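Working notes, structure below.
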Amino acid sequence: MKKLVLLAGLATLAACSPKAQNETAEAANTMAADTTATMNEAASDVSNASDQAFGSAEATMDNIGDKASNAADTAKDTVGQGLKDAGNDIED
């Protein structure tokens, strides 16, 4: 127990020295810079992923719209031809 108290006391004294304070400040600055860089990279990754997801959703919606439009055109043509055929049958 005495050794633990002695070690804690020595650590406290070492932390009070100007060199130790400078090293602690430098380490804190480095950690803060790393944290900022990591957060910026994460924000960029989320933004890029969001852009990609919205782009994909937009393309999917465009494809659905095109298919619906094509299906409507086909239905219109089919019904139109059916009406023409029915009219011709009535005339005959």
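Read-outs throughout are calculated quantities, based only on the coordinates presented, and are distinct from any laboratory measurement. Please read these numbers as outputs of a predicted model, since none were measured by experiment. For neighbour counting, all protein chains shown are included, and Cβ atoms are generated from backbone atoms with ideal geometry for every residue, glycine included.
Using the Cβ atoms and a cut-off under 14 Å, what net charge is assigned to the surroundings of residue 26, where Lys and Arg are +1 and Asp and Glu are -1? After counting each charged neighbour, the total is -1. If you wrap the Cα atoms of the range 53-92 in a convex hull and average its projected area over all directions, you get 2.0 nm². Our estimate of slack between residue 21 and residue 69, defined as 0.36 nm per intervening residue step minus the Cα-Cα distance, is 10.1 nm.
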